[in-house]
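Report on one structure; see the data block that follows.
Laboratory data are not the source of any read-out in this text; all were calculated from the coordinates shown. Source: prediction; values computed, not measured. Neighbour counts are summed over all protein chains in view; Cβ atoms, including those assigned to glycine, are modelled from backbone coordinates with ideal geometry.
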Amino acid sequence: MAVDQGTSTKTAALQAERERWVAASVYSQPLFVDHAHGARITDVDGREFIDFVGGIGTLNGGHTPEDVVEAVREQATRFMHQCFSVVGYEGYIEVCRRLVACHPGAGPFKALLVNSGAEAVENAIKIARYATGRQAIISFDQGFHGRTMLAMSLTSKPMPYKKGFGPFVGEVYRAPGPYPYRGVSGADALAGLRKVFKSQIDPSAVAAVIYEPVQGEGGFLPAPAGFIEGVYALCQEHGILYIDDEVQAGMGRTGTPSAIEHCGVSPDLATWGKSMGGGLPIAGVTGRADLMDAVHVGGLGGTFGGNPISCAAAIVALDEVLDAGYQARSKALGEDMRGRLEAIAGRHSCVGEVRGLGAMLAIELVRDPATKEPATEETARTVALARERGLLLMAAGVYANVIRVLVPLVATASDLDEGFATLEESLSDAFAGR
Ligand SMILES: Cc1ncc(COP(=O)(O)O)c(C=O)c1O
């Protein structure tokens, strides 16, 4: 599967055009796709790549799933845009019905549709502020909630997400996020949140807390047992709403429609995106009907939110997410991949920890398992070497030393065999001589 860089003539030409026309601030790997299917991408020079990134968790159902492609084609011939605030259509309602079914708990729940995860987060906060009449929001260390001004203000990592973009939105407070491998247990983080109520903001002024059940960009950190339950109980005690950010961890990635389902908490509000559109841009907010209906008519909306073509794709994608067979496959894939990663960890001391939930898994790479010094450069080198060898990887984590696996859940055994072999080979070479 070695990739011959010497034949990359179209890639080189496109890279030059990209440098000429596209803002340098938008990061991208030097790779241009021609077509993709399942867990494989073929680039403009005919090179094939196994995709362990899946558009950063947007392709749980794989590239170009036939039923999504067909639904998009069919919808495109009927109508492509209306703006739901101008003319309604069934697809929007059907997506909301399915998204509500993903929200754990007894309900009643309702939904609204937007374009991106960041927009879902913004709307969830708007609803929480409106419904409670309070302003403050608490997010957690290692949290990532998007790049728009409010979502970025909630996000914890300065580089590359926040540096130079302030001032940030007011009334955002941050509590310690659990990170047991680096010394912050769930109990420590819970104590940290209690301290925020004493040292930063009175709980009676807090509208909501927002937390990812598996922190994604922050390094694939699953909530330790009891943490979400503890935060939720504190929220209940103080009349604070719990917002569950499922944008990366949801949509069947962890074996269930929502990742928070693993701890049995029914959040007041939840945000969804990424894989819910089967590859098309769509996102949403679900929540208790009384909260979702609290805002005055016309207070929420937008031009493209719940675009009809995206809705047609999302109906197919959500039907899969809600299907028991799909969930069982996701769980089985997660177990399979965890075994493969643990085997790699057993052979390479640079793997400090294998962690995650279901099929949302990662390895944290360190220079020395005793000191846990983050292996940031070696991680970047592993990613680059893997790409040269036909495997797409992406780093995560506050120290950029975590390699996450978000391979489409439809990956075949040979995708996994080849992909994990290339990952291990690249890891070995990146750390050679250390
Ligand atoms: C947990 C979480 N929330 C929100 C977002 C923002 O989503 P989007 O990039 O679609 O705006 C992301 C994106 O990675 C995410 O992982």
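Counting Lys and Arg as +1 and Asp and Glu as -1, what is the net charge of the other residues whose Cβ lies under 14 Å from the Cβ of Arg288? Spell out each step's value before the answer.
Working: positive: Lys110; negative: Asp244, Asp268, Asp290, Asp293.
Local charge sum for Arg288: -3.
Assuming a ≥ b ≥ c are the square roots of the Cα gyration tensor eigenvalues, decide whether the chain counts as rounded (a/c under 1.5), prolate (otherwise, with a/b larger than b/c) or oblate.
Oblate shape, in that a/c is at least 1.5 and b/c is the bigger or equal ratio.
Of Ala313, Ala12, Ala207, which is the most mobile in a GNM of the chain whose springs link Cα atoms less than 10 angstrom apart?
Ala12
In segment 150-236, which trypsin sites (Lys or Arg not before Pro) are in a loop and have at most 11 other Cβ atoms within 10 Å, using DSSP for the loop call?
Listed in order of number, the matching sites are Lys163.
For the chain, what proportion of DSSP beta bridges, expressed in % and rounded to the nearest 5, is antiparallel?
Beta bridges within the chain, antiparallel portion: roughly 70 percent.
Among residues other than Arg97 whose Cβ falls under 14 Å from its Cβ, what is the net charge (Lys/Arg +1, Asp/Glu -1)? Intermediate results must be reported in sequence, preceding the final value.
Values: positive: Arg98, Lys110; negative: Glu90, Glu94, Asp319.
Once positives and negatives cancel, what remains is -1.
Hey, in the GNM for the chain with a 10 angstrom Cα cutoff, which one of Glu66, Glu212, Glu388 fluctuates hardest?
Ranking Glu66, Glu212, Glu388 by mean-square fluctuation puts Glu66 first.
Counting only other residues whose beta carbon sits under 13 Å from that of Thr412, what net charge do I get with K and R as +1, D and E as -1?
Neighbour charge sum, excluding Thr412 itself: -3.
Cut-off 10 angstrom, C-alpha nodes, Gaussian network model of the chain. Which of Thr11, Thr77, Thr286 fluctuates the most?
Result for the chain, Cα springs under 10 Å: Thr77 fluctuates most.
For segment 384-428 and segment 51-66, what is the separation of their C-alpha centers, rounded to whole Å?
So the separation of the two Cα centres works out to 14 Å.
Could you work out the helix-only [θ] at 222 nm for the chain, with each DSSP H run of four or more residues adding -39,500 (n - 2.57) and the total divided by the number of residues, to the nearest 500 deg cm²/dmol?
Value at 222 nm, helices only, nearest 500: -12000 deg cm²/dmol.
Going through the DSSP H helices of the chain, which span 24 Å or more along their own axis at the Cα atoms while scoring at least -1.0 as a mean Kyte-Doolittle hydropathy?
On the way: long enough: 324-347 (35 Å, -0.69); 413-431 (27 Å, -0.11).
TM-like helix candidates: 324-347, 413-431.
Using the alpha-carbon centroid of each, what span in Å lies between segment 289-335 and segment 111-143?
Segment 289-335 and segment 111-143 have Cα centres spaced 17 Å from each other.
Provide the packing ranking of 233-245, 118-130, i.e. peptides ordered by the mean count of other C-beta atoms within 10 Å per residue, highest first.
Order by mean packing, descending: 118-130, 233-245.
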